[in-house]
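The values are calculated or read from the model by the stated rules, or taken from the named source; none is laboratory data. It should be emphasised that the depicted structure is a prediction, and the values quoted were computed from it without experimental measurement. Here Cβ is always computed from backbone atoms with ideal geometry, including for glycine, and neighbour counts include all displayed protein chains.
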């Protein structure tokens, strides 16, 4: 029901006022509960049928607006369908849909059968800056990107150059999976223990343990190794060690050459 130039139509009962308002360029449909109860007004759309069937659409809301040519077009819809019509055991599914070139495309589905929320288009976008949650059951971050692994000896990288230097990462909540590959063209002049810095997120500080694990998939161009090479994710980067008959020791610049290549993946907890 529409009113030109504004106005209100009221249906007054002992509890409710229902009306349409038009104020300038703004239009609204208003239902007001005129009592002090704890329950407000409801908009009820009834499918008055004597033969409901599974998959029938029993009702919904559809939003329309004119296109650039003035043609009235469907833009957004909220609608429900029957899963089960058994009396007193009814189950429904609700879809939120957008219209693309006139075709309805569900973007969120709430399934009453199993209580699942699904995203038919297959994408959920998180903000670029994480909105961290303290709730243990809340997923608050997902991100994919690239990073630049930097080889250091004793915390410095003087004169180090590369033929290959690349990394990619994925974060899910507070878990980071960071892949990397570095191939040197010059090991430079820095000395000391070997590490790789530049991780996309700093690893968490965990008392008496590493923040994560590193799997090395390719190692070549080393010299003078005494045993297997492995790495750990610590708060400032990835640190390398080598095994020996008596234990293990830090891997230093002396084990690297101008053609050393390291590839691997680090999985660690992100610092908060």
Q: Please indicate, with yes or no, whether at least one residue in segment 224-237 is touching a residue at least 40 places away in the same chain (Cβ under 8 Å) and touching a strand residue (DSSP E or B) at 6+ places or on another chain (Cβ under 9 Å).
A: yes
Q.
When you check residue 263 against the structure, is it more than 18 Å from residue 157 (Cβ to Cβ), surrounded by fewer than 17 Cβ atoms within 10 Å (Cβ to Cβ) and over 24 Å from the mean Cα position of the chain (by Cα), yes or no?
A. no
Q.
Of all residues being loosely packed, with under 12 Cβ neighbours inside 10 Å and at positive phi in segment 18-62, which is modelled with the lowest pLDDT? Just the residue, please.
A. 24
Q: Give the residues of segment 83-95 that are surrounded by 14 or more Cβ atoms within 10 Å (Cβ to Cβ) and out of contact with any strand residue (DSSP E or B) (no Cβ under 6 Å at 6 or more places or on another chain), sorted by residue number.
A: 85
(Q) Could you check segment 158-194 and list, in sequence order, the residues that are surrounded by fewer than 18 Cβ atoms within 10 Å (Cβ to Cβ) and not in a strand (DSSP E or B)? (A) 158, 159, 173, 174, 189, 190, 191, 192
Q) Restricted to segment 238-254, and to residues that are surrounded by fewer than 16 Cβ atoms within 10 Å (Cβ to Cβ) and touching a residue at least 24 places away in the same chain (Cβ under 8 Å), which residue is nearest to the chain's Cα centre (by Cα)? A) 250
Q. So residue 69 clears everything in (1) more than 30 Å from residue 90 (Cα to Cα); (2) modelled with pLDDT of 80 or more; (3) surrounded by 10 or more Cβ atoms within 10 Å (Cβ to Cβ) except one condition, right? Which one?
A. (3)
